[in-house]
Amino acid sequence: QVQLVESGGGLVQPGGSLRLSCAASGFMFRIYVMNWYRQAPGNERELVATITSGGRINKADSVKGRFAISRDNAKNTVSLQMDSLKPEDTAVYYCTGSVGTNQYWGQGTQVTVSS
């Protein structure tokens with residue numbers, strides 16, 4: 001059974017940091033591209049960051065210089081370190097794993113940036 005379980009969300013003040021983690025199971029994690037998406041109320045879903053099986057990284061312009069994505073193939077985990085958070089980063093963050101046309105989604109974790 002495929003599972004992607006996100007953790008680490010919460011409420012943080014502007015300028016603060018959070019680290020999201022995603023624990024994956026039930027599929028061959030090491031060959032999958034792992035992604036973090038986010039969706040704020042009333043907004044379209046946005047691809048935040050991607051890390052390939054070989055470690056190549058892409059990030060949305062809106063988070064470059066502030067967010068870092070990493071993966072641990074031994075532990076089947078992917079993380080998103082978020083620094084210098086802004087109110088506009090408020091959203092539900094989703095971890096996904098994709099290969100070809102196959103994509104698995106987690107349930108999401110809420111991140112709220114507010115004073």
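Among the residues making up segment 20-55, those that are farther than 15 Å from residue 110 by Cα and touching a Ser or Thr at 6+ places or on another chain (Cβ under 8 Å) are 23, 24, 30, 31, 32, 33, 34, 35, 51.
Being modelled with pLDDT of 95 or more and under 13 Å from residue 4 (Cβ atoms) narrows it down to one of 74, 23, 68, so name that one.
Answer to the selection: 23.
Does segment 67-88 contain any residue that is assigned to a loop (DSSP other than H, G, I, E, B), touching a Phe, Trp or Tyr at 6+ places or on another chain (Cβ under 6 Å) and exposed (fewer than 14 other Cβ atoms within 10 Å of the Cβ)? No, segment 67-88 contains no residue that is assigned to a loop (DSSP other than H, G, I, E, B), touching a Phe, Trp or Tyr at 6+ places or on another chain (Cβ under 6 Å) and exposed (fewer than 14 other Cβ atoms within 10 Å of the Cβ). Among the residues of segment 19-74, those that are among the charged types (D, E, K, R) and closer than 16 Å to residue 97 by Cα comprise 30, 38, 45, 46, 56, 59, 71, 72.
The values are calculated or read from the model by the stated rules, or taken from the named source; none is laboratory data. Since the structure is predicted, the reported quantities are computational estimates derived from the model, not experimental observations. Methodologically, a virtual Cβ is constructed for each residue, glycine included, from the backbone with ideal geometry; neighbour enumeration extends over all protein chains shown.
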